[in-house]
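**Student:** Below you will find the structure I want to go over with you.
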Amino acid sequence: MAKLTSRSDDYSKWYNELVVQADLAQHSDVKGCMVIKPYGFAIWEKMRDVLDGMFKETGHQNAYFPLFIPKSYMSKEAAHVEGFAKECAVVTHYRLMNDPNGKGVVVDPDARLEEELIVRPTSETIIWNTYKNWIQSYRDLPILVNQWANVVRWEMRTRLFLRTAEFLWQEGHTAHATKEEAVAETEQMLRVYADFAENWMAMPVVKGVKTESERFAGAEDTHCIEALMQDGKALQAGTSHFLGQNFAKAFDVKFQPKEGKMDYVWATSWGVSTRLMGALIMTHSDDKGLVLPPKLAPIHAVFVPIYKGDEQLAQIREKGEAICADLRKAGLTVKLDDDDSKRSGWKFAEYELKGVPVRIAMGPRDMENGTVEIARRDTGEKELVPLDKAAAHVAALMDEIQDKLVNKARTYRANHTTKVDDWDTFKDVLENKGGFIEAHWDGTPETEDKIKNETKATIRCIPYDSIEEQGKCVYTGNPSRRRVLFAKAY
RNA sequence: CGGGGCGUAGCGCAGUCCGGUUAGCGCACCUGGUUUGGGACCAGGGGGUCGCAGGUUCGAAUCCUGCCGCCCCGACCA
């Protein structure tokens, strides 16, 4: 196995190699699409299961809507079409035939669809077209539905997990009787995402609201969580949209309230995708490979025997199995790797590459002393632990590593968040230090656009916790009442 | 869509300029043996429509024409 490119040599190359070498995913033969391999999918499954539980706890139910959307639906909400039209895959035919001129098959020209179908880039349109028939009265509200699905956005440039033509995600779509309730739902789900990011992914995020130009196509407001990667670039890790009555009006979804006249329904939608995998990778991993927070690691600990001959292996394996059994009782997933075709050194490197949080090694010396060597992936520290304390020690390490990772990421973010009040410093910090920049902005899309064109930095969000203060726009000098968060972004 | 690179064994590549034994190397794989506290070693072995389609030639991975695909860098996006 080749050595990884180091992060300092070429961060982007490091990421690409890591994803492939750690066996998370690979490029498929289809342009822009990826194959998520079992080890990568195991992480995604954990994320999915935890999030799914959180959605259920907040009262949501899962459902499933079609992959295909009639073309005409897309055009019903003006801003929505405009946002997605450029990246839609379109189904025009429904049949193949043998090529009359030779080998292979061709599209049967007689099998043209009357109305072309769009492969969903997101499902607002088909869902709201469906909700129309589900909703008559306030008694039918709220509708709190989520779906786990794949979507397709025909991207020019793709990167494994971060941006692929097809990706997996969940999309929540809710319908409410009042604006207040819909706004509350939007904010609630953003808090769910932030909670997941920080407490499961060990990835600190900034909660905030997008500016008009970064808003979801068709939304009144887009709330987001923004994380900071190790190369100083920001990554949008989840979004929650307050859709107002835009889709209700576009699809004519009205309800009869308890009192008063028919009114349009209020909507939200919210989603996170396999992009979270990219965020997870880039938040914690190092030049040796993946570093995974224990709460999302498919394997918590691996036991590696070091031995000469079958007899010694049998003795060590017996001890190892006892430790593994204790750990399983404690709810951990453990692997005892007694594969004789690989040497211990190879296994050490391999499990480091794959980010297994803890490694337990035991050799003849340990057998004599009644110890095992316990190594943690995040710090690389090794210590000798008495056999009878091994399981408890490993179990305790899980919490410790989880905490350490989130604290390390918080420290990194704090060190890479800079308050800036003048334009030269802004450019300098962005160029030489990277990270988040807290600066005043005059609130106009024009200024935002100019800053973007000159520096590639965008406003990631207006943080929830930004305090009101008098200031001057870092670019125009015009008055501003709060700082916003700038960064170069993925 | 612009710029660059690449397509030869599962992966990574050499060979292509200047056509000529049976297309080669490393890793991986299979068999046997020796090894085993940080990516072992020896011996033997299997595996190829040289991206596709035409053409030139006695002869094409190599030359010509056309096509297809992918990766990287830019403009757009989760």
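The values are calculated or read from the model by the stated rules, or taken from the named source; none is laboratory data. Only a predicted model underlies this, so the values are computations on that prediction, with no experimental measurement involved. Note that we place each Cβ from the backbone using ideal geometry, even for glycine, and neighbour counts take in every protein chain shown.
**Student:** Collect the residues in region A:341-368 that are more than 22 Å from residue A:385 (Cβ to Cβ) and touching a Leu at 6+ places or on another chain (Cβ under 8 Å), keeping them in residue-number order.
**Tutor:** Result: A:353, A:354.
**Student:** Would you be able to say whether some residue in region A:32-51 is away from RNA strand B (no atom under 16 Å from the Cβ) and touching a helix residue (DSSP H, G or I) at 6+ places or on another chain (Cβ under 8 Å)?
**Tutor:** Checked region A:32-51: at least one residue is away from RNA strand B (no atom under 16 Å from the Cβ) and touching a helix residue (DSSP H, G or I) at 6+ places or on another chain (Cβ under 8 Å).
**Student:** Name the helices (runs of 4 or more DSSP H) wholly inside region A:384-490 in which the number of residues that are within 16 Å of RNA strand B (Cβ to nearest atom), surrounded by 14 or more Cβ atoms within 10 Å (Cβ to Cβ) and in the same structural domain as residue A:366 (by TED's automatic domain parsing) is 3 or more.
**Tutor:** The qualifying helices (runs of 4 or more DSSP H) are A:387-415.
**Student:** Inside region A:135-159, can you point out the residues that are exposed (fewer than 15 other Cβ atoms within 10 Å of the Cβ), free of Cβ contacts under 8 Å to residues at least 40 places away in the same chain and away from RNA strand B (no atom under 16 Å from the Cβ)?
**Tutor:** A:139
**Student:** What number goes with the only condition from (1) within 12 Å of RNA strand B (Cβ to nearest atom); (2) in contact (Cβ under 8 Å) with a residue 24 or more places away in the chain that residue A:371 does not pass?
**Tutor:** Condition not satisfied by residue A:371: (2).
**Student:** Is it true that residue A:35 is in the same structural domain as residue A:248 (by TED's automatic domain parsing) and over 22 Å from the mean Cα position of the chain (by Cα)?
**Tutor:** Spelling it out, it is not the case that residue A:35 is in the same structural domain as residue A:248 (by TED's automatic domain parsing) and over 22 Å from the mean Cα position of the chain (by Cα).
**Student:** Could you check how many residues of region A:160-182 are within 16 Å of RNA strand B (Cβ to nearest atom) and either acidic (Asp, Glu) or closer than 26 Å to residue A:31 by Cα (or both)?
**Tutor:** Of the residues in that region, 12 qualify.
**Student:** What's the number of the condition residue A:195 fails, among (1) surrounded by fewer than 22 Cβ atoms within 10 Å (Cβ to Cβ); (2) more than 16 Å from RNA strand B (Cβ to nearest atom); (3) within 30 Å of residue A:263 (Cβ to Cβ)?
**Tutor:** Residue A:195 satisfies every listed condition except (3).
**Student:** Among all residue pairs at least 6 apart or on different chains, which show Cβ distances below 8 Å where the first residue, located in region A:187-209, is under 19 Å from residue A:173 (Cα atoms) and touching a residue at least 40 places away in the same chain (Cβ under 8 Å) and the second is among the polar types (S, T, N, Q) and assigned to a loop (DSSP other than H, G, I, E, B)?
**Tutor:** A:188/A:58; A:189/A:58; A:192/A:58
Residues are listed down the side, and each one gets a yes or a no for (1) assigned by TED's automatic domain parsing to the domain that holds residue A:151; (2) in contact with a Cys (Cβ under 7 Å, 6 or more places away or on another chain); (3) within 23 Å of residue A:40 (Cβ to Cβ); (4) without any contact (Cβ under 8 Å) to a residue 60 or more places away in the chain:
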position: A:270; (1), (2), (3), (4): yes, no, no, no
position: A:274; (1), (2), (3), (4): yes, no, yes, no
position: A:310; (1), (2), (3), (4): no, no, no, yes
position: A:315; (1), (2), (3), (4): no, no, no, yes
position: A:321; (1), (2), (3), (4): no, no, no, yes
position: A:328; (1), (2), (3), (4): no, no, no, yes
position: A:337; (1), (2), (3), (4): no, no, yes, yes
position: A:342; (1), (2), (3), (4): no, no, yes, yes
position: A:346; (1), (2), (3), (4): no, no, yes, yes
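**Student:** Within region A:16-70, which residues are among the small types (Gly, Ala, Ser) and free of Cβ contacts under 8 Å to residues at least 12 places away in the same chain?
**Tutor:** Answer for region A:16-70, where residues must be among the small types (Gly, Ala, Ser) and free of Cβ contacts under 8 Å to residues at least 12 places away in the same chain: A:28, A:53.
**Student:** Given the options A:55, A:84, name the one that is outside the structural domain of residue A:240 (by TED's automatic domain parsing), of a type outside the set (Gly, Ala, Ser) and surrounded by 16 or more Cβ atoms within 10 Å (Cβ to Cβ).
**Tutor:** Result: A:84 is the single residue among A:55, A:84 that is outside the structural domain of residue A:240 (by TED's automatic domain parsing), of a type outside the set (Gly, Ala, Ser) and surrounded by 16 or more Cβ atoms within 10 Å (Cβ to Cβ).
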